[in-house]
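Peer 1: Dropping a structure here in structure tokens format, bear with me for questions.
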Amino acid sequence: MRVGLYLAALLDLPLAEALARAKAWGITDAEVPSAGFNIRRHCDPAVLSTSAAARDEFQQVFADAGVNLAILNANGNPTHPDPEVSVPHKQDLLDSIVLSSQLGLPVLNAMSGNVGSNPAATLPTWSLVPWESGLLEVRDYQWSVAIPAWKEIADFAEDHGVKLALEIHPHMLTYNPGTLERFIDAVGSDSLGVNLDPSHLFWQGIDPSRFAKRFAGRVWHVAAKDTVLDAEGIAEYGVLDDRFTSIPAEEEPQPLGGRYLTTRPPENGPWHFVAVGRGHDTAWWTQFLADVRDSGFDGAVCIENEDWDLPREESIPIAVATLQEAIGIRPAAAA
């Protein structure tokens, strides 16, 4: 295993500068955003997939930096009911599949996305605990739309020799082990597997090691992100807390496609994201990564830096040190 970094944490920097920063932190591998929910700062798959010269230049930046290009990330919502989101996100995903194949990258990170509650919907609906028949109708409608769409995407990926590692995530159709397994089975393609991000498992009470064992052989990527569970917050609000608020325009919230933007989580919520090691100690990460290795994955474990408390200059080195110790990597001596 190696320690990588998801470069969404450094999209304000040019690619060469971002890689130099990562290298200085002891990171050997990079996961590069290729649009979808992210801006095209470091990688525009539409441009790179149609220009061999542009691809050569792109790869040379990594060679010059001494950082391995491990994987692209096309997280987005290709089945969003608003075409201002779904159309570009699906195209980004398809372009990223082509680009991954051209770059010799066997796996691409992605998300299942989500669907509206009915054909007239303009916003996706997260279908949870369908305790009455109307909610079952919503769930069944969503899957009736998503599965055919994903059969086409999966076939396209197979044609290009690329596997898609899906991340379970709130407000996606695949948000827990059961929905992910059902989704993979329904699509029926060997090109679908798992991007294992334990941060979204912790707050749901799901055991990440058990998850890895359940999907042994299909864990094709690991995102390193930690979560702190606040006992008082959980006692007060439970783990499903809707007290998120809009971020003022002057603070430049991240665009997510169409007119949609990131929001601000509650300060005293039941859980929050932190650097690897700040929610679960090195012993936990050591055992988890051993279980992941037993499941068949032994590649780059890429830090997804979303610590809500610390600046990246503090949080990323903490994550690097924790993962290096957990993996058994001896840090390079300072120059």
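Peer 1: Filter the stretch 52-103 down to the residues that are of a type in the set (Asp, Glu) and not in a helix (DSSP H, G or I) and list them by number.
Peer 2: Of all residues in the stretch 52-103, those of a type in the set (Asp, Glu) come to 56-57, 64, 82, 84, 92, 95.
Within the stretch 52-103, just Asp82 meets the criteria.
Peer 1: Sort out which residues of the stretch 233-250 are assigned to a helix (DSSP H, G or I), out of contact with any Lys or Arg (no Cβ under 8 Å at 6 or more places or on another chain) and closer than 22 Å to His171 by Cβ, and write them in order of number.
Peer 2: Selection gives Gly233, Ile234.
Peer 1: On to the next question. If you go through the stretch 117-142 one residue at a time, how many are buried (at least 18 other Cβ atoms within 10 Å of the Cβ) and among the aromatic types (Phe, Trp, Tyr)?
Peer 2: Count: 1.
Peer 1: Let me ask something additional. Looking only at the stretch 121-135, count every residue that is closer than 15 Å to Ser86 by Cα and among the hydrophobic types (A, V, I, L, M, F, W, C) and tell me the total.
Peer 2: Initial filter on the stretch 121-135 (closer than 15 Å to Ser86 by Cα): 121-125.
If we keep only those that are among the hydrophobic types (A, V, I, L, M, F, W, C) too, we end up with 121, 123.
Residues in the stretch 121-135 being closer than 15 Å to Ser86 by Cα and among the hydrophobic types (A, V, I, L, M, F, W, C): 2 in total.
The rows are residues; the columns are (1) assigned to a loop (DSSP other than H, G, I, E, B); (2) within 30 Å of Ser49 (Cβ to Cβ); (3) touching a Phe, Trp or Tyr at 6+ places or on another chain (Cβ under 8 Å).
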residue: Leu105; (1), (2), (3): yes, yes, no
residue: Asn109; (1), (2), (3): no, yes, no
residue: Asn114; (1), (2), (3): yes, yes, yes
residue: Ser117; (1), (2), (3): yes, no, yes
residue: Ala120; (1), (2), (3): yes, no, no
residue: Pro124; (1), (2), (3): yes, yes, no
residue: Val129; (1), (2), (3): yes, no, no
residue: Leu136; (1), (2), (3): no, no, no
residue: Tyr141; (1), (2), (3): no, no, no
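Peer 1: Inspect the stretch 221-244 for any residue being in contact with a Ser or Thr (Cβ under 9 Å, 6 or more places away or on another chain), loosely packed, with under 13 Cβ neighbours inside 10 Å, modelled with pLDDT of 95 or more and over 22 Å from Ala35 (Cα atoms) and give the result as yes or no.
Peer 2: yes
Peer 1: Answer yes if at least one residue in the stretch 158-168 is in contact with a Pro (Cβ under 7 Å, 6 or more places away or on another chain) and not in a loop (DSSP other than H, G, I, E, B), and no otherwise.
Peer 2: yes
Peer 1: A follow-up question, please. Any residue at all in the stretch 293-316 that is among the aromatic types (Phe, Trp, Tyr), farther than 23 Å from Asn109 by Cβ and surrounded by fewer than 20 Cβ atoms within 10 Å (Cβ to Cβ)? Quick ask: steps written out before the conclusion?
Peer 2: Of the residues in the stretch 293-316, the ones among the aromatic types (Phe, Trp, Tyr) are 297, 308.
Adding the requirement that they be farther than 23 Å from Asn109 by Cβ leaves none.
No; the residues of the stretch 293-316 include none that is among the aromatic types (Phe, Trp, Tyr), farther than 23 Å from Asn109 by Cβ and surrounded by fewer than 20 Cβ atoms within 10 Å (Cβ to Cβ).
Peer 1: Is it the case that some residue within the stretch 279-286 is in a loop (DSSP other than H, G, I, E, B), of a type in the set (Val, Ile, Thr) and surrounded by fewer than 18 Cβ atoms within 10 Å (Cβ to Cβ)? Break it down into steps so the answer makes sense when it comes.
Peer 2: Here is the first cut: in the stretch 279-286, the ones in a loop (DSSP other than H, G, I, E, B) are 279-281.
Checking the rest, the ones that are also of a type in the set (Val, Ile, Thr) come to none.
The answer is no, given that none of the residues of the stretch 279-286 is in a loop (DSSP other than H, G, I, E, B), of a type in the set (Val, Ile, Thr) and surrounded by fewer than 18 Cβ atoms within 10 Å (Cβ to Cβ).
The values are calculated or read from the model by the stated rules, or taken from the named source; none is laboratory data. Small disclaimer: the values here were computed from a predicted structure and weren't measured. Heads up, the Cβs are rebuilt from the backbone with ideal geometry, glycines too, and the neighbour counts pull from every protein chain shown.
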